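Encoded as C-alpha cells, the structure appears first; notes follow it.
The values are calculated or read from the model by the stated rules, or taken from the named source; none is laboratory data. Predicted, not measured: the structure shown is a model, and the values here were computed from it. We place every Cβ from the backbone using ideal geometry, glycine too, and count neighbours over all the protein chains shown.
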C-alpha cells in the first residue's frame, strides 16, 4: 500500500495537517494513523468539554510570550498563521468563535463536539483514510520513499511522513523513530497543580480568589492570576503558569518544594502593611473577623485568623503588632510546602520533544531526513494554559501542511 502522505497521530495537529494537505492537493493519498482507539481526545475534553480553541491575542509577537519553550522559533510561524488565521479558518467552515472575559476563545456552540465533528467531517469529505488502534513498529527511510512496519505486520509505503503524535511519554510514543539519528529533549510534565497534603487549606476546597501571586522559593519569578483551592492543593491559572515556566526546575526537585502564596495582587509589603493598619485603626471597635478589608472569601479569612492564632471575637484595637504582622505574612506570603503534583491524563502537556534545531523553521521538515515532517506537541514547544497549546498545534500543523503540499 502506497500513500503520498502518512500522518502519525489522530489528535488536533494530525487532523489539521492532513485536512490542509488535502485542501491543497485533493488528489494526494493521505492516511492518518492513530495508536489508540480515540480520535481527537484532547479536543473533546479541553476547556471542560467546550474546547479552548485559541486565545484572543491578535499580535503574533505578543503571542510568543506565552510559550515557555519555543518562543524564538514561533515568531516566524505566527507571522504566517496565528490567532486571526485560526479564527478565519474555522469561520470558513461555518464555526464562529467567541471570546470570554479571560480572553480564552471557544466555539459559540459551547461544546467541543462542534470542533471534533468539523474535523472528522472534513476528513471524511476529503477522503482522508484513518487507521486507529494501529502502531508503527519500525521505519525504513530511503531517499525516495519511507516504509512503515505496522503492529499487524503490514508494510506501508509513503512519500512523506508527518509526525504529529503528541507529547505524552515522547520517548516511548515515537519509538519507531529510534533508528533515526534525531536529538530529543527529555519530556517532563507541564501544566500541573500543586499538592499540599494534610494542610488546613484543603478544607476550603472550591474556594477561589480572582487575583493572587505564586512564588516558588529559590526562584525569582512571580506568577499572577486566579488561584483555586482544591481537595488536594492549589490550582488555577497562577499555579498552572508557574508549573509551565518552571517545569524542568520543579522536576529536578522531584516536585517537593516551598512556595509563597499572596492572596492579593496588592503592592509592596510596606504599602500593604500600611493599608492593613489603616483599616484596623479605622475600625477599632469591630471584631477582626468582620474586618475582612480585602474582601477575601469568608472561609479563607477565617482560616487565616486561625493560622495566625487570633480569636475571631478579638476586637481590632486589641491586636498586637505581632498579630498584625502575622496577618500580613499569611495574606501576602503564606508559606506552603508542595509535595507532589496532580496532572489530568487526557489534558497532559509536556515540556520537551524533538529538539527544534533538528527541523527547518520554514516548514518543519527534518534537516537530516527531508521527507519527514513534524508538528504539534511532539516538538519542544509548549504554552501556558488558556488555548495556547492548541494554537501551537494549529499553527505548526498548518505550516507543515503547506510545506508538504509544496513538496508534493
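Filter region 17-61 for residues that are surrounded by fewer than 19 Cβ atoms within 10 Å (Cβ to Cβ), under 25 Å from residue 74 (Cα atoms) and in contact with a helix residue (DSSP H, G or I) (Cβ under 6 Å, 6 or more places away or on another chain) and give the result. Matches in region 17-61: 24, 58.
For region 305-348, enumerate the residues that are surrounded by 14 or more Cβ atoms within 10 Å (Cβ to Cβ) and touching a helix residue (DSSP H, G or I) at 6+ places or on another chain (Cβ under 6 Å). Result: 307, 308, 310, 314, 316, 328, 330, 332.
Could you say which residue among 162, 191, 202 is touching a helix residue (DSSP H, G or I) at 6+ places or on another chain (Cβ under 6 Å) and at pLDDT 95 or above?
Values: 191 fails: at pLDDT 95 or above; 202 fails: touching a helix residue (DSSP H, G or I) at 6+ places or on another chain (Cβ under 6 Å).
On inspection, the qualifying residue turns out to be 162.
Residue-level check: of (1) farther than 14 Å from residue 30 by Cα; (2) surrounded by 14 or more Cβ atoms within 10 Å (Cβ to Cβ); (3) in contact with a helix residue (DSSP H, G or I) (Cβ under 9 Å, 6 or more places away or on another chain), residue 186 misses just (2). Any residue at all in region 386-406 that's surrounded by fewer than 18 Cβ atoms within 10 Å (Cβ to Cβ), free of Cβ contacts under 8 Å to residues at least 40 places away in the same chain and in contact with a helix residue (DSSP H, G or I) (Cβ under 9 Å, 6 or more places away or on another chain)? Taking every residue of region 386-406 in turn, none turns out to be surrounded by fewer than 18 Cβ atoms within 10 Å (Cβ to Cβ), free of Cβ contacts under 8 Å to residues at least 40 places away in the same chain and in contact with a helix residue (DSSP H, G or I) (Cβ under 9 Å, 6 or more places away or on another chain). Scan region 171-183 and give yes if some residue there is touching a helix residue (DSSP H, G or I) at 6+ places or on another chain (Cβ under 9 Å), exposed (fewer than 12 other Cβ atoms within 10 Å of the Cβ) and closer than 30 Å to residue 214 by Cβ, otherwise no. No, because not a single residue in region 171-183 is touching a helix residue (DSSP H, G or I) at 6+ places or on another chain (Cβ under 9 Å), exposed (fewer than 12 other Cβ atoms within 10 Å of the Cβ) and closer than 30 Å to residue 214 by Cβ.
Within region 120-137, identify whether any single residue is under 22 Å from residue 375 (Cβ atoms), within 19 Å of the chain's Cα centre (by Cα) and not assigned by TED's automatic domain parsing to the domain that holds residue 247, and answer yes or no. No, region 120-137 contains no residue that is under 22 Å from residue 375 (Cβ atoms), within 19 Å of the chain's Cα centre (by Cα) and not assigned by TED's automatic domain parsing to the domain that holds residue 247. Scanning region 196-216 for residues that are part of a helix (DSSP H, G or I) and either without any contact (Cβ under 8 Å) to a residue 40 or more places away in the chain or farther than 12 Å from residue 229 by Cα (or both) returns a single hit, 202. Considering only residues in region 361-382 that are part of a loop (DSSP other than H, G, I, E, B), at negative phi and touching a strand residue (DSSP E or B) at 6+ places or on another chain (Cβ under 8 Å), the one that is surrounded by the fewest Cβ atoms within 10 Å (Cβ to Cβ) turns out to be 367. Here residue 171 clears all of (1) assigned to a strand (DSSP E or B); (2) modelled with pLDDT under 90 except the condition numbered (1). When 225, 233 are checked against the criterion of being over 15 Å from the mean Cα position of the chain (by Cα) and in contact (Cβ under 8 Å) with a residue 60 or more places away in the chain, a single residue qualifies: 233.
In this structure, does residue 139 turn out to be without any contact (Cβ under 8 Å) to a residue 60 or more places away in the chain, buried (at least 16 other Cβ atoms within 10 Å of the Cβ) and in a strand (DSSP E or B)?
For residue 139, the condition - without any contact (Cβ under 8 Å) to a residue 60 or more places away in the chain, buried (at least 16 other Cβ atoms within 10 Å of the Cβ) and in a strand (DSSP E or B) - is met.
Scanning region 103-115 for residues that are touching a helix residue (DSSP H, G or I) at 6+ places or on another chain (Cβ under 8 Å) and within 17 Å of residue 391 (Cβ to Cβ) gives 104, 105, 106, 107, 112, 115.
Look through region 120-136, keep the residues that are loosely packed, with under 13 Cβ neighbours inside 10 Å and assigned to a loop (DSSP other than H, G, I, E, B), and return whichever of them is modelled with the highest pLDDT. It would help to see each step written out before you state the result.
We begin by selecting, within region 120-136, every residue loosely packed, with under 13 Cβ neighbours inside 10 Å; these are 121, 124-125, 127, 133.
Retained after the next criterion (residues that are assigned to a loop (DSSP other than H, G, I, E, B)): 127, 133.
Numbers: 127: 98, 133: 94.
By that ranking, first place goes to 127.
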